[in-house]
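Readers should treat all values here as calculations from the given coordinates under stated rules, not as data from a laboratory. These numbers were taken from a predicted model, which means no experiment stands behind them. Cβ sites come from the backbone with ideal geometry, for glycine too, and all protein chains shown count toward neighbours.
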Amino acid sequence: MTARLGYIPAGLTPPHTQNRCQQLGFDYSEFGPRQHLENLHPYNGRPDGMRNGVVSFAQRVRGSDGKPWREWTVRAGSCAVDEAERLLRQDNRADIYLSQAVFGKWRSISDLTAIGACYADLDYHNVSRWRGKAPADVVVALLGHLEEAMLPHPSYILSTGRGLVCVWLTELLPRAALPRWNAVQKHLGSALETFGADKRAQDAARVFRLVGSDNSRADYDRRTVGMVWYHGSPAAPTRHVFGTLADEVLPVTHADLISLRTERAKRKAEGKDKTAPVKFLSAATYWETVLTDLQRLRAYRCPEGALPDGHRDAWLFVAATAISWISPSEVLGREILALGREAAGWRDSETKSRMSAVIKRARQAAAGQTVLFRGFEVDCRYRMKVSTILEWLRIDPTEQRVAGLRVLVDEDRKRELNTERTKASRHRRGGKDRTVQQADRRKMGEKALYLRASQGMTVAELATHLGVSVGQVHKAMRQAEQQ
């Protein structure tokens, strides 16, 4: 299992929580807003530490426009750290939030560029057993619960005033990892349900309170958000390897999958497995790739951002369908509304009316409803074939190549991609390029023809002399004769 602390007996206060929850406020000297940002959104190798993408900040405040929520984005890296520290220097430090992931332009799963943590939001004040308890006492019980469930400890735990946020830091993951990341989130939430885990706070576009900010709804002595437990060091908590974390959390590990594949290959070698190889992605990974292709297509067609009239409805419908397969149903509406504003410039009411069928189907699927399709009960969410999407969006072969599409391609482009993947795989294994192989074979054929003509060597003798099989000699000589 990944690194963890041992079980802390009930009744003992962990050393990391002493004087943090028993006094007014918290001690931020070791884990303040800078450490919060740098651990959630680590710098890259560039000299200035700047990363691609933006971090989203938000604050619950009623402005002159009457809106209760103000949200804005800042460039990831040092700019985001500076913004967090600026916010805590202002007079109003109440209810400030920070996104847990980095995005291209705005906070939405469809625009996710990197996420480096799994998390669980525990509203323990809603659970009678824990209501009114000190955060340190809940943390002790929580760690014991994780030990009994044989689940890894978080990297750190924050007290948010009326609850806890548990964070498992990992390496930065691309959006392609969302299907497995979502599965880890779901299992962590289920395991911590007895502590009030919020199932609506499991998506990749989630925001949580910024360390050092105040919770206006909490009791006075717990209103400030801060660390109450950590693993490793307070300034740099332990970072898990996502693959290992997923293996420890999910019921079927990656090693189990490899073992199953190995056993299947063995049966196939023995002639006992007649099953055809899998040619399709899973539903989640397929639709995530479709969404990536749609974003690439939009970036190619409309570098300025918004789609023009006549191209919005079809693109948004396909994109909304893709999101319905990779986004939790609880936040699907918000994700589709955000995509409507970004890609089409639609008002929320317009997006709701146009995409209501997609949202309805996704919620029905989450409730366990199915539909009858070709005599089978299947998920009631919409599904579309690649050929249908190509026709709807009128994606021509040139766009497929120039935009770098991987799934939304015709049969000709699919064959080209398969050839490219085969060539890349051969190169990774140390194999020679096909052109080089053909040139070497032709030279060997020319040498074999010369030896046969000058010394009268047979094909078997040539094979022994050249250190290859008889078949390779025949093929090389035939290629040399055809030149």
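Things worth noting here:
- Extended-chain gain in nm, criterion 0.36 nm per residue less alpha-carbon gap, Arg478 and Lys414: 19.9 nm
- Its relative contact order, with pairs defined as Cα atoms under 8 Å and 6+ residues apart, puts region 15-248 at 27 percent.
- Computed lengthening from Ala236 to Asp221, 0.36 nm per intervening residue step minus Cα-Cα distance: 2.8 nm
- Largest-first ellipsoid semi-axes for region 283-413, taking √(5λ) over the Cα gyration tensor eigenvalues, angstrom: 24, 20, 11
- Ranked Ser99, Ser329, Ser190, criterion: other C-beta atoms within 10 Å, fewest first: Ser190, Ser329, Ser99
- Derived scalar couplings ³J(HN,Hα) [region 347-360; Karplus, 6.51 cos²θ - 1.76 cosθ + 1.60; whole Hz; x for Gly, Pro]: 6, 4, 4, 5, 5, 4, 5, 7, 10, 4, 5, 5, 5, 4
- Once the chain from Asp348 to Asp137 is taken as fully extended at 0.36 nm per residue, the excess over their C-alpha distance is 71.7 nm.
- Cβ crowding within 10 Å, taken as a proxy for footprinting-reagent exposure, orders Ser282, Ser324 from fewest neighbours to most as Ser282, Ser324.
- Cβ crowding within 10 Å ranks His125, His145, His153 as His145, His125, His153, fewest other Cβ atoms first.
- Relative contact order of region 434-482: 49 percent, from C-alpha pairs under 8 Å at least 6 residues apart in sequence.
- Table column - 3J(HN,Hα) (Hz), region 130-136, Karplus curve with 6.51, -1.76, 1.60, x for Gly and Pro: 10, 4, x, 6, 6, x, 5
- Amide H contacts for Gly116 (H built 1.01 Å from N in the peptide plane; partners 5 or more residues away or on another chain; cut-off under 5 Å): Leu173.
- Charge dipole (debye, nearest 20) of region 15-248; +1 at Cβ of Lys and Arg, -1 at Cβ of Asp and Glu: 620
- Evaluating 6.51 cos²θ - 1.76 cosθ + 1.60 at θ = phi - 60° for every residue in region 381-388, the Karplus couplings come out as 5, 5, 9, 9, 6, 4, 4, 5 Hz, glycine and proline recorded as x.
- Under the simplified labelling scheme, the Asn92-Lys199 pair shows an inter-label distance of 3.5 nm, with each label point 7 Å from Cα along Cα→Cβ.
- Database remark: amide H of Leu307 closer than 5 angstrom to the amide H of Ala344 (H placed geometrically; neighbours at sequence offset of 5 or more, or on other chains; Pro and chain starts carry no H).
- Peptides 174-182, 345-353 ordered by packing proxy, namely the average of other Cβ atoms within 10 Å per residue, highest first: 174-182, 345-353.
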